[in-house]
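What follows is one structure encoded as structure tokens, with my remarks underneath.
Nothing in this text is a laboratory measurement; each read-out follows from the coordinates by a stated rule. All values derive from a computational prediction rather than experimental measurement. A quick note on method: Cβ atoms are made from the backbone with ideal geometry, for glycine too, and the neighbour counts reach across all protein chains shown.
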Amino acid sequence: MSHEERTLVPGLEGTCEEKLSRRDLARSFRTLRTALAGVGAVGVGATASGQDLFSSQPPTESRLPKQQVPGTGGAKPAFLLSIFLRGGADGLSILAPCDDPNYQAARNATRIWNPADVGLPDPSMAGIPLTAGIPGLPDFWMPQVLQPLKDLFDEPNSKLALFHASGSVDPTRSHFEQQNQMESGTTGNASPPQPSGWCGRHLVTKTDHFIGKGLFRGFSYSNFLAQTLNGGQGVTPIPDPTNYAFPIKPGASQAQEDARADALETMYDKFGDPLDTSMESVLKAIAVLNNVDFDSYTPATGVMYPPTKFGTELKQAAQLAKTVDKLEVVQLNTGSWDTHDAQGVFAAGGRMYDLMDELAKGLEAFKKDMVDDGREFIVLVMTEFGRTLAENSSAGTDHGHGGVTIAMGTNVIGGQVYGTWPGLAPGQLDIGDMVTTTDIRDIIGEVVASALKNPNTGIVVPPEPGVYEYAPVGFMA
Amino acid sequence: MDSPVKSPSKQSLRQIELTRRTVMKSGAAGALMLGLSGRALASPMASGFDPELFLLDRLTFGLNDDMLSEIQTRGYAGWLTWQLNPSAINDAAAEAIVADAEFGYPLWFDETTGLPNPAKMTNVLNKTPAELFLQFPGETSGTTPVAMSALAVMLRAAYSRRQLFYVMADFWQNVHSTFLLQENQHALWMPFQENVIYPYALGNYANMVKASAKHSSMMLYLNQYRSDKTSPIENYARELMELHTLGLKDGVSVFDEIDVEEVAKILTGWSMHSLEDIIEGYPNPDTYGCPAQTMDLNDYGKFVFKQEKHLFGKKTVLGKVYGSNVLPFPLPGCYGLSEGEDLIDDLVARDETAEHMATRMIEWFLMDDPPQALIDRVAGAFSSSGSEIVPMVQELFDPTFLNEIHPSDNLKIRRPINYVVAALRASNPTIDMEELCSENLIPNCIAGSSIWSGIKWVGSSIEIGQVPGGRPSPDGYPGENEAYVGGLRARLQFAMELAHDLSLGLSLDSTKLDGIFGVATPTTDLAEAANQKVALGYLDNFDVRRIQTYINKLTPSLSYDDLRRECFSMILSAPSYQYLH
């Protein structure tokens, strides 16, 4: 069914009675959980042995086979930059329907104004116009801090697509549940919390670029591997790729270094998973990153990354995307966007202002840096939920439901706000919050199927019989 | 009584199984190990399982000679009983080390002169939030108490004889987790440990939750103190149910979003004497709260029930009604507070809480995906004792049930804090606090790239993935293994730096190396010697042999001490060492 026809799945409105049926569904999908639990942190033998990930028995071969189907090498795989805005970014402060009377009534310190409106309290609260006169959508403005995003949106052959009222269809307002659901590419309905991530499952089902032993296919900028990548081959957390050397006493001879590496590799190989694959990824990542000169990297002309940790990570990701062909995914986090009080939308130093500032400038820089490189890229920005329509008494907002998602990439049909506008009138909300009309799984699935050329959407964003099945939104060329 | 080592079947639960090691240690008392009830221990596994090492690995931060000697003298059950009464254990030596770390070395630098300021040098222990805040008012100066707070916890983990107590404190710190690096937590986090975690870590859980709910660190962290009747804030209300009591089962909660809203309403008015109250002036600046009292800056962080902010009226949570639509007149000063206190009692008393806490405890200490029968036993101990924690620990580590909980099929990874501290406990390095902040490192001590760079071995723990108070989200560090398999490079890096004296402030000399390997141990026996030291010989045979092969290869080109350092480093890097016994 097309995304316009899709409605909220019945039974998910969150009352106690409806939760009973959800629990029943959860039990009936426990086999799915068991099967996927075998994917674990370090990959699964499912593809190589032909075993169905959805079989009722957990995979017997949980260890990643050494010899993969050899790939042809071929063209570089498209590069994925996965960005998670942690904490729940307020979608209505990113894409604001300034003329909607429900929005106007609900917001105060965080309200973005149509500049033509009488009563504009302060020039900083005037929005910059993004879209107008699109049938089925209200006119949208952005806060001034997002000018770089508007520029990306407005340019001819734009690569920036925006989705409002998007995210998880599960109404939970819990950070952890939602992050788990979105990173795992499932919902609470389909199965209990999943250890594996959608991108992890993408990596294990797309191995045609794999050649040889030892993989470094992706990493997350963190001390813990982001759940998005869980289950993937050749993934490891790397807090700082500029400081990722082989651990050995400085001054040791090459012979000793080789002997040490060999000893470690042998022990971990014998011991087995989950540490074995982790060690292989680590050793490969060390080898790759040691050959990268981060200090001497010059971005494309005119590109200025924001001078923050996030900006630096974006720059490094761009450099790696250009120079490490087999590196396929980098996952970053920003936040916290969890602005329960003093949301701060309009002035530098405000919590959301500063986050939006680095996000907008960072995405602009990354796009300009990558666009002329030969490698295809796709950026996916998501957050666990949007926030309440109504502002609270602390000039902040609380956990909501539908939020904003951003996609930017070589083959993105940009310059559009995708999705069905659900409206903000009382009868159109879910306990006071804007609902979700575009399932994040459809966005993820289209990124994987189209940008990453992996047709296994049935595994990456698994279907829920009678309830959900992937269908593209239509934002990719 | 002879007990040849043999492989028991799983059915022969009563079979007495002894390893060679246990026979040697038990001595004249005989080959029987006795459970808490005096029954013979059922030891389930083939040779390769040592119940005492198991207990030390799980309930201490790492094997050391002292605890090994104690358990050999007292036995499994005796050691457990001894450790479950921490106040009877003399911990003066550890506290002296901690106090010395705090007092002896200036880590606070005057922001104007840039020089160490001994007049401001103080510890962060046993202080009120007001005292800490007044001592370290600025964001830069806050880095000192932040670093000191985490360091105090890590030093106690390394040196305290009340190992089980601090291990349990570590567990509860993660259940009631607040973020040490949040603004102003430098004045609140350590008081939270001292007033919420330490008093109840082996006490009554309902009391812990109530203390947690009312403490400034949690109030600030989850925005509770600003929640009022015009706009109740749901943040703490949600986590009270989701993280601190009922939890989720298979991703589904027994409470729903309406319950969260109702709990938020019940807790309106639960607040503290905040910086805003002090700075901006509170509506009733002289006398307010419950019980009514005058408050000033010295009362920063104290719990206050701000009755005028409380939303009165009936609220329903999980089918139970709190509050009333009929109010007494005049309104007594503390009226309305009991709604929240009753709510917490009710939440803690629910079966879901018992199951949730039991599940978390089992996952943290023993295994991912615990079997329902084990959860039920531990939850039962919680419920039948009225939410007491000690019965849970006793149930969990009851040696009668070692079959059920033995980890051979249920590996439990050494978490980063445990990994770093265990290495310290095994090697007993000299900690040179002065070197941590020498002149050359002064910029690092203030800020630099990381406030931890002045306490490198604590920083290593962060890189591996964990530090006290270091979890930004309230769910605390995960219990599952897979969360920690990614930090391998950082583990190996730390092991290498510790062994080769590259870890700032930690050093091993020849005598320390003798303490690890024994005196004049032949180079061909070094790997096994280290294996005995860190794991009583139970590391994977392949790891030990492979490391010895590596050492043999290096022997011609390295000095004896360098060989020992490299061997120790590799033993700590071995895959089997990453898991607890």
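Rounded to two decimals, the Cα radius of gyration of the stretch B:238-389 over 2.2 N^0.38 Å is 1.27.
For every other residue with a beta carbon closer than 13 angstrom to the beta carbon of residue B:320, add +1 if it is Lys or Arg and -1 if Asp or Glu, then tell me the sum. List each step's numbers first, then the result.
Numbers: positive: B:314, B:315, B:350; negative: B:259, B:262, B:339, B:342, B:345, B:346.
Around residue B:320, the charge tally is -3.
What order do you get for A:199, A:98, B:334, B:290 when you list them from fewest to most C-beta neighbours inside 10 Å?
Values: A:199 32, A:98 23, B:334 13, B:290 18.
Going from least to most buried by this count: B:334, B:290, A:98, A:199.
The stretch B:358-423 and the stretch A:248-321 have Cα centres separated by 37 Å.
Here the ratio of the Cα radius of gyration of the stretch A:425-477 to 2.2 N^0.38 Å is 1.38. Built from the Cα atoms of the stretch B:320-369, the convex hull projects on average onto 4.9 nm², one quarter of its surface area.
Rounded to whole Å, the principal axis extents of the Cα atoms in the stretch A:345-402 read 50, 26, 11, largest first. Distances between placed amide hydrogens fall under 5 Å for residue B:272 paired with B:304, all partners being 5 or more residues away or on another chain.
Under 5 Å between amide hydrogens, which residues at least 5 positions from residue A:383 or on another chain qualify, with H placed 1.01 Å from N in the peptide plane? When sequence neighbours closer than 5 places are left aside, the close amide H contacts are A:85.
Within the stretch A:204-354, the percentage of alpha carbon pairs spaced more than 29 angstrom apart rounds to 30%. Stokes-Einstein diffusion for the stretch B:468-581, with the hydrodynamic radius set to the Kirkwood value over Cα pairs and evaluated at 10 °C in a medium of 1.306 mPa s, equals 104 µm²/s. By the rule of a C-alpha distance below 29 Å, with chain neighbours fewer than 8 residues away ignored, the lysines paired with residue B:533 are A:249, A:270, B:6, B:25, B:412, B:456, B:512, B:553. When the charge dipole of the stretch A:335-458 is built from unit charges on Cβ atoms (+1 for Lys and Arg, -1 for Asp and Glu) and taken about the Cα centre, the candidate among A:410, A:437, A:400 whose Cα reaches farthest toward its positive end is A:410.
Apply 1/(1 + (r/R0)^6) to the Cβ-Cβ distance of residue B:384 and residue B:68, taking R0 = 30 Å, and write down the FRET efficiency to the nearest 0.05.
Numbers: r = 34 Å, r/R0 = 1.13.
Using R0 = 30 Å, I get an efficiency of 0.30.
Among residues other than residue B:170 with Cβ under 11 Å from its Cβ, the summed charge is +2 (Lys and Arg +1, Asp and Glu -1).
By the gyration tensor of its Cα atoms, with a ≥ b ≥ c the square roots of the eigenvalues, what is the shape of the stretch A:320-477: rounded for a/c under 1.5, prolate for a/b over b/c, or oblate? If you can, show how the numbers build up before the last one.
Numbers: a/c = 2.29, a/b = 1.25, b/c = 1.84.
It comes out oblate by the Cα gyration axes.
Which of the three applies to the stretch A:230-287, rounded, prolate or oblate, going by the alpha-carbon gyration tensor with a ≥ b ≥ c and a/c under 1.5 meaning rounded?
Working: a/c = 3.07, a/b = 1.27, b/c = 2.42.
The shape class here is oblate.
Charge tally around residue A:258: other residues with Cβ under 13 Å, Lys/Arg +1 each, Asp/Glu -1 each, net -1. Which whole-number percent of Cα pairs in the stretch B:161-267 have a distance greater than 19 Å? When all Cα pairs of the stretch B:161-267 are counted, 47 percent exceed 19 Å.
From the gyration tensor of the Cα coordinates in the stretch B:136-201, what semi-axes in whole Å does the equivalent ellipsoid have, largest first, with each one equal to sqrt(5λ)?
22, 13, 8
Put a dot 7 Å past the Cα of residue B:342, heading toward its Cβ, do the same for residue A:347, and the two dots end up 4.5 nm apart. Looking at the square roots a ≥ b ≥ c of the eigenvalues of the Cα gyration tensor of the stretch B:288-348, which shape do they give, rounded for a/c under 1.5, prolate if a/b is larger than b/c, or oblate? It comes out oblate by the Cα gyration axes.
Could you line up A:145, B:146, B:321 from fewest to most neighbouring Cβ atoms inside 10 Å?
Details: A:145 26, B:146 22, B:321 11.
The fewest-first ordering by Cβ neighbours comes to B:321, B:146, A:145.
Using R₀ = 41 Å, calculate the FRET efficiency as 1/(1 + (r/R₀)^6) where r is the Cβ-Cβ separation of residue B:93 and residue A:255; round to 0.05. Numbers along the way, then the final one.
On the way: r = 44 Å, r/R0 = 1.08.
Efficiency, from the Cβ-Cβ distance: 0.40.
Just so you know, the Rg over Rh for the stretch A:265-406 is 1.08, from Cα atoms, with Rh as the Kirkwood radius.
Please work out how much length the chain gains when fully extended from residue A:157 to residue A:108, using 0.36 nm per residue of separation minus the C-alpha to C-alpha distance, in nm with one decimal. Write out the running numbers ahead of the final one.
Details: separation 49, 0.36 × 49 = 17.64 nm, distance 3.59 nm.
Computed gain between residue A:157 and residue A:108 is 14.1 nm.
The ellipsoid that matches the Cα gyration tensor of the stretch A:128-168 has semi-axes, each √(5λ) in whole angstrom, of 17, 13, 12, with the longest given first. Considering only Cα-Cα distances, which of the following residue pairs are longer than 19 Å: A:76/A:361; A:309/A:361; B:214/B:265; A:322/A:368? Pairs exceeding 19 Å: A:76/A:361.
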